[in-house]
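These notes concern the structure reproduced below.
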Ligand code: NAD
């Protein structure tokens, strides 16, 4: 399998893909390893994962460069991602003992009732390329902490990073028979669906997530899905400091070239502040530096996958054909690489795909609304339910609006952020189940209830 640099379209290297026989033998290795790993005291498992976080720090520059070369993420954003993964590991390891310890529920005249959080067994982790460290850590770190073995399938677009992750986990002390990597694309993922894993944890598109969910349903094991989004923002009429709000929200829309599950994908602006906000927003976007992502200072790199260029281009063409106005960008950048200019569309409507289908690229539609009620109605008009945000001077007003939105995360005066202490969960087509927080730690366990009398 060739690994392509999306900024230059050159082949970086090629790697050997797995096949049915190699996957089956990796699975057998894990089966034996999991039982031993579960006997390792939790404190030791925690120490191993903390060592992994230290190794991420020690290898930061080298691994950021690898990530940038294969997914096209600007170098500083690659560094940010690895550092973000370290802080997630910090929270997960510092809280593992608290949330994985037995819960004693009731002690009464010789009766003890307790909950023991047993590991699920062997986890299948099929992952995405847009934040391979972050979305990987969400799954394999709590899974390993809880005593599971893991088959990790990085996306075919972030294979080299997946192999680096494996190398550092093993260097940190995760035994070879506790963590195995499946290399390849959809056909290799498909093989994993046929093996008897004890849980499937998938990050990727709604289309693949739905397919996997249906395919493994008969196994009666947990299947968690972290899928896409069409995340809305509402800028209310009482926002202070429009310039800052425009800068923060433009970053929320265009960071990682818009290839974030929780990227701002559509913006509704109260008519009283619409002109001022749009002016500042467009100014900000026109200031973004597009270029080779390994060069310092570049903010917009190429898209990771070539087909996404055409998808984004078609969304823009369709919107313009239906009456949208281009305020910035609108086309592919000249030359080699999968570059698309950061694009702002005004006069958009919900008849356009750009306001309803996940763009997953550097494109945003901005729409004028007359009041909060209209904003809520439009924000809710989506198949997705990952995050939603409100910018307003009033926390009460924002919480009232967010309370009416069917999404797993609500933001007030911020956007495009994830916290290790809070559950990360999508609703509707954005997914099923939660990672991160105490809920995400326990997602890799099965509770056993003990009634102990005597
Ligand atoms: P994708 O669905 O194309 O691929 C995801 C993974 O599934 C890859 O490893 C791929 O090889 C594998 N796969 C594909 N077909 C398969 C099959 N038939 N059987 C088994 N495995 C198969 O998604 P992607 O392009 O890698 O990721 C982008 C999507 O992920 C976006 O929609 C984005 O919003 C979403 N995402 C969501 C979150 C979240 O936390 N909610 C985080 C990151 C990305």
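Worth a mention:
- Of the peptides 27-33, 129-135, 15-21, the order by per-residue mean of other Cβ atoms within 10 Å, starting with the highest, comes out as 129-135, 27-33, 15-21.
- In degrees, nearest ten, helix 306-321 long axis to first principal axis of the chain (Cα): 40 degrees
- Relative packing of 402-414, 384-396, which averages over residues the other C-beta atoms within 10 Å, highest first: 384-396, 402-414
- Taking 7 Å steps out from each Cα toward its Cβ at residue 279 and residue 218 produces label points 6.3 nm apart.
- Cα centroid of the range 1-80 to Cα centroid of the range 109-148, whole Å: 17 Å
- Here, P(r) means the percent of Cα pairs in each 5 Å bin from 0 to the largest distance; for the range 358-440 it is 3, 13, 20, 26, 21, 12, 4, 1, 0.
- Taking 0.36 nm per residue of sequence separation and removing the Cα-Cα distance, the residue 336/residue 12 pair yields an extension gain of 115.1 nm.
- Convex hull volume of the Cα atoms of the range 1-158, normalised per residue: 121 Å³.
- Taking a point 7 Å out from the Cα of residue 421 in the direction of its Cβ, the residues of the range 77-114 whose backbone N falls within less than 20 Å of it are 83-101.
- A P(r) calculated from all alpha carbon pairs of the chain, with 10 Å bins opening at zero, reads 4, 20, 29, 25, 14, 5, 1, 0 percent.
- Restricting attention to the chain, close to 40% of DSSP beta bridges with both partner residues there are antiparallel.
- Over the range 87-241, the ratio between the Cα radius of gyration and 2.2 N^0.38 Å evaluates to 1.26.
- Distance from the alpha carbon centroid of the range 247-263 to that of the range 270-297 works out to 11 angstrom.
- Normalised contact order of the chain, rounded percent, pairs of Cα under 8 Å and 6 or more residues apart: 19 percent
- The range 267-318 shape via C-alpha gyration tensor axes, a/c threshold 1.5: oblate
- Kirkwood Rh, Cα atoms: Rg over Rh of the range 140-228: 0.95
- Averaging Cα coordinates gives a centre for the range 174-233 and one for the range 350-412; these two points are 28 Å apart.
- The angle between the Cα long axis of helix 242-254 and the longest principal axis of the Cα atoms of the chain comes to about 60 degrees, rounded to the nearest 10.
- Ellipticity estimate at 222 nm from DSSP helix runs (n ≥ 4, -39,500 (n - 2.57)) divided over the chain, nearest 500: -13000 deg cm²/dmol
- Antiparallel DSSP beta bridges within the range 332-443, as percent of all bridges there, nearest 5: 40 percent
- Principal-axis tilt of helix 60-71 within the chain, Cα atoms, nearest 10 degrees: 60 degrees
- Along its three principal directions, the equivalent ellipsoid of the range 126-173 from the Cα gyration tensor extends over semi-axes of 17, 12, 8 Å, largest first.
- Taken along the Cα-to-beta-carbon direction at a fixed 7 Å, the label points for residue 397 and residue 109 span 5.9 nm.
- Computed extension length for residue 373-residue 318: 17.0 nm, one decimal, from 0.36 nm per residue of separation with the Cα-Cα distance subtracted.
- Rounded, prolate or oblate (a/c below 1.5 giving rounded, otherwise prolate when a/b exceeds b/c) for the range 261-347 by Cα gyration tensor: oblate
- For the range 204-349, the calculated P(r) over all alpha carbon pairs, in 5 Å bins from 0 to the bin holding the longest distance, is 2, 8, 15, 19, 18, 14, 10, 7, 4, 3, 1 percent.
- Along its three principal directions, the equivalent ellipsoid of the range 1-88 from the Cα gyration tensor extends over semi-axes of 30, 24, 8 Å, largest first.
Readers should treat all values here as calculations from the given coordinates under stated rules, not as data from a laboratory. No experiment lies behind these values; they were computed from the predicted model shown. Cβ: placed from backbone, ideal geometry, glycine included. Neighbour counts: every protein chain shown.
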